[in-house]
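Every number in this text was worked out from the coordinates using simple rules, so none of it is lab data. These numbers come from a predicted model, not from an experiment. In this analysis, Cβ positions are derived from the backbone assuming ideal geometry, glycine residues included, and neighbour counts consider all displayed protein chains.
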Amino acid sequence: MCDTCGCNITHGNRHLIEEGGKHAHTSDDHVAIEVLENLLSENDHQASHNRQHFDKHGVLAINLMSSPGSGKTRLLERTIDHLKNRYKIGVIEGDLETENDARRIRDKGIPAIQITTGTACHLDAHMIHQALHQTPLAELDLLFIENVGNLVCPASFDLGQHLNVTLLSVTEGDDKPAKYPVIFRAANHVLITKSDLLPLLDDFNPEKANQSLQQIAYNTPVTLVSAKSDQGMDEWLAWLDTQINQAASPPAELQAEPL
Amino acid sequence: MHELSVCQAMLRQVEDIARREQAISVERITIQIGPLSGVVPELLQQAFSIAKCGTMAEAAELVTASQPVRVHCLQCGYESDVQANRLLCAQCGDFRTRLISGDELLLASVELTKN
């Protein structure tokens, strides 16, 4: 990515859009305007605004993505059980319909805002901004955003989160990263969930899932977890601790930066 | 299926530019969509044929171009074109690579008609 505007001009494609390149073309009766902006610049602008809100309040925002039914809400419930005495947690839930997931989180005594997208297959930065008006950011350390269950669309929309976590449940198949490389490449941590079911499934091999991730140049943590048996939860919680501590004490060069 | 959202965002951007330039219509929109951008060019074209109605780009052509998926190996330094779900160095096979093209989602240029 380009450092100044966040667009995707790289040294691999720059020649196409500079003067004389095939996209700098002007025909006789028309005026060609070079734009060179990210196609989702409106969303990205809102996303960076959201990120400033999070930073101002010292909140670490984590976006959870996966296919439907891979256990995002269950993971959150169990994570809240373990962490709610140490951190102040909030949740934004994204679903096409129903308040069901937000209700499950509220039953844990945690503030949860439900976004119902109607027919939209993903959350975007504007929806998150709306939800932030109802979110007690000043009281939080950690905000989870549970995206709409979908392995394709959520990957294209920056919400302003600091980190992405992508879940892959053992009932889905160990070659998912090869089929959906975009969403797995975006992850800062991949959780292989429902590991308690592994003894029942002879066609999911965690080692193959790891290889599939390596083939898309994924070089960050992968943890096998079960929110039911608590297998791997220590590793996941320790990772969260590290991220929260790093966010609370950013490197010196970032501290001085004005909003 | 999020291509319609992407398309609507693109059209808002394009119309902003056209109004700023005091153009009367948009003739051509050129975008770059890499195989790893998460957007499918064919679906974006379909969405465009619907979403452009009633906009300044109603008669516009949407031109999509794609870059090869290309990685730089962090181990041996070699650059190679690879498949979207196999981002390994073609020279040494290492998985520690950095993507240098193929994830673009970029509005490259617009062509306008002025008075």
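Neighbouring Cβ atoms within 10 Å as the yardstick, rank A:37, B:61, B:3 fewest first.
Taking fewest neighbouring Cβ atoms as first place, the list is B:61, A:37, B:3.
DSSP loop trypsin sites (Lys or Arg not before Pro) in the range A:41-73 with at most 16 other Cβ atoms within 10 Å of their Cβ, which ones? Could the numbers behind the result be given before it?
Numbers: sites: A:51, A:56, A:72; in loops: none.
Sites meeting the loop and neighbour criteria: none at all.
Using the Karplus curve 6.51 cos²θ - 1.76 cosθ + 1.60 with θ = phi - 60°, work out ³J(HN,Hα) for each residue of the range B:12-22 in order, rounded to whole Hz, and write x for Gly and Pro.
4, 4, 5, 5, 4, 5, 4, 5, 4, 8, 6
Can you pull the percent of Cα pairs in the range A:100-169 with separation above 19 Å?
Of the Cα pairs, 36 percent sit more than 19 Å apart.
In peptide B:79-87, how many Cβ atoms from other protein chains are near each Cβ within 10 Å, on average?
4
What aspartates and glutamates sit close enough to residue A:176 to cross-link, taking a C-alpha to C-alpha distance under 17 Å and skipping anything fewer than 8 places away on the same chain?
Residue A:176 reaches A:202, A:203, A:207.
Give the lysines reachable from residue A:228 as a straight Cα distance under 22 Å; neighbours fewer than 8 places away on the same chain don't count.
Straight-distance partners of residue A:228: A:72, A:84, A:108, A:194.
Would you please give the residues with an amide H less than 5 Å from that of residue A:36, counting only those at least 5 places away or on a separate chain, with H modeled from the backbone geometry?
Placed amide hydrogens put B:108, B:109 under 5 Å from residue A:36.
Using modelled amide H (1.01 Å from N, peptide plane; none on Pro or chain starts), what sits under 5 Å from the amide H of residue B:28, excluding residues fewer than 5 places away?
Amide H neighbours of residue B:28: B:61, B:111.
Order these peptides, A:165-171, A:112-118, by their mean beta-carbon neighbour count within 10 angstrom, highest first.
Most protected by this proxy first, the peptides run A:165-171, A:112-118.
How far is the Cα center of the range A:38-93 from the Cα center of the range A:98-137, in Å?
Result: 10 Å between the Cα centres.
If you count, for every residue in A:35-48, the Cβ atoms of partner chains within 10 Å of its Cβ, what is the mean?
That works out to 5 on average.
Report, ordered by chain and residue number, the lysines lying within cross-link reach of residue B:114, taken as a straight Cα distance under 24 Å and ignoring same-chain residues fewer than 8 apart.
A:22, B:52
For residue A:203 paired with residue A:97, estimate the spin-label separation in nm (one decimal), with each label point 7 Å from Cα along the Cα-to-Cβ line.
Once both label points are built, they end up 3.0 nm from each other.
Extent of the range A:95-230 along each principal axis, from alpha carbon coordinates, in Å, largest to smallest?
44, 31, 30
Local charge sum around residue A:45 (other residues, Cβ-Cβ under 14 Å, Lys/Arg +1, Asp/Glu -1)?
Here the count lands on -4.
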